[in-house]
1. Rounded to two decimals, what is Rg over Rh for the stretch 93-189 when you use alpha-carbon atoms and the Kirkwood radius?
2. Rounded, prolate or oblate: which fits the stretch 195-336 when a ≥ b ≥ c are the square roots of the eigenvalues of the alpha-carbon gyration tensor, with rounded for a/c under 1.5 and prolate only if a/b beats b/c?
3. For the chain, what is the calculated [θ] at 222 nm in deg cm²/dmol (nearest 500), taking -39500 (n - 2.57) for each run of four or more DSSP H residues and dividing by its residue count?
4. Given charges of +1 on the Cβ of Lys and Arg and -1 on the Cβ of Asp and Glu, with all other atoms neutral, how large is the dipole of the stretch 278-355 about its Cα centre, in debye to the nearest 20?
5. First check a/c for the chain, with a ≥ b ≥ c the square roots of the eigenvalues of its C-alpha gyration tensor; if it is under 1.5, answer rounded, and if not, answer prolate when a/b is larger than b/c or oblate otherwise.
6. On the protein heavy atoms, probe 1.4 angstrom, tell me the percent of accessible surface of the stretch 138-227 carried by carbon and sulfur.
7. So, counting K/R as plus one and D/E as minus one, what does the shell of residues with Cβ under 9 Å around residue 200 add up to?
8. Given 88, 385, 209, which one lies farthest toward the positive end of the charge dipole of the chain, if we put +1 on the Cβ of every Lys and Arg and -1 on the Cβ of every Asp and Glu?
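The values are calculated or read from the model by the stated rules, or taken from the named source; none is laboratory data. Everything numeric in this text was worked out from a predicted model, so none of it was measured. Cβ coordinates were reconstructed from backbone atoms using ideal geometry, including for glycine residues, and neighbour counts include every protein chain displayed. Surface accessibility is based on the protein's heavy atoms, side chains included, excluding ligands, DNA and RNA. Shrake-Rupley method; radii C 1.70, N 1.55, O 1.52, S 1.80 Å.
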Amino acid sequence: MLRCLQLILILIFTGFNSAYAQDFSNKGKEFYITFPSHANAALAVMGLYITADEDVNVKVYAGNNVTEFRLDARGVRRVFIGPNGVKSNAAVYLNQEEGIKAGSAVRVVADKPVVVYSHIIRTARSAATLVLPTNVWGRRYITPLIASTSGSDRPQDNEGYPVITVVAKEANTSVEIVTKAPTSSGKPAGSVLAFTLQNPGDVYQVKFARNSDISGTEVNSVSVNGEPCRPIAVFSSSTWSAFGCQSPSGGDNLYQQLFPVGTWGRNYITAPFKGKDSDIVRVYISEPNTTVTKLENGNTTQLLGLVNNSFYEYRTNNPTKITSDKPVSVVHFIMSQTCNTNNMPSDPEMIILNPVEQTINNISVFSAHRNYVPPSQSNIDKCFLNIVIKSNSVSSFRINDRVPAGTFVPIAGTEFSYLQEDV
């Protein structure tokens, strides 16, 4: 099957709107990445794509393996961990139902700021996340995901399991997870999972019951015996998921590093994915009585029907603007291929959107085409970008210093336009 990889970029050519937003960036000098449980287990590959605006020295640690290199400005270095890659994934792949694997995080260290993307791949399965540097980690997270509704029932293949992984950058980091779904080991929803990550790079993983929705599960760094709450990184993922209709065909693992609650915003723009007649959008809240409105086709409505006291959901093939009176997080889901009438070649995906309050005017991305990964490890042969920009800045937009081939579409009732670009 031919596969498509779709990414969203929200580029607002203006200054940041808050002091916090100016400090929150995906560029950094230190990163920790988790390699969560996967349907293909250790046969899957983790690809790291690293880029920078200036020449930089980089080290990648995966267990006892160290990859060291010099990266030229605006270049991209690919490091693959796993089968057919440069290094083994035995020390970093997570296979525990619930518990800690010491020193299992992949660590990236640079002497100047870099940007890191992590991509977990295995033939037709693919999921990627932007990686956040340690200096912007937080202490409170609310987990998004979506339940798998696959028509195929294959627990023996490790399919359909939601997963949360947590990593520490400081010693003796204590964490509590308040669950919204049963764990795969049988602990009921509402359980408090408490643990301490004793060393930097230690990773805790918990798997949840098959085909459950863990949305709203809270992950908090906590104080124990007077010790301070320490920053943590949290990843929400699944071993394999298919969703969007009753018996979907085509699934994928999901994989996203979460934004701390303190970085959530009040204004978001969504743009439809290429070739899809409908997408799923979820708006997650952190405070009770949060009022959320949606602007679509020039009409504003209030979102109603809060699910599990955690999120609002709607489906659309239109661009929308989301506004709230308290900070929220917006997550955009691509449904399984056969849940769309045009059968566009692509598998499910989960993308966490950044708020309008935290946007930039220049970004580097890497196209994870199958030609750029180890042989036979990917079926991706089409890549698209979604670009959102203020309409009065459309004429100045460039991709690799060139005018895009596609055409920007104004979003009714807003000052924004969006572009779907085949790259």
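1. Dividing the radius of gyration by the Kirkwood radius yields 0.96.
2. Oblate is the answer for the stretch 195-336, as a/c is 1.5 or above yet b/c matches or exceeds a/b.
3. Calculated from helices alone, the mean residue ellipticity at 222 nm is 0 deg cm²/dmol.
4. 140
5. Rounded, since a/c falls under 1.5.
6. On the stretch 138-227, the fraction of accessible area on carbon and sulfur atoms equals 45 percent.
7. Cβ neighbours under 9 Å give a net charge of 0.
8. The Cα lying farthest towards the positive end belongs to 88.
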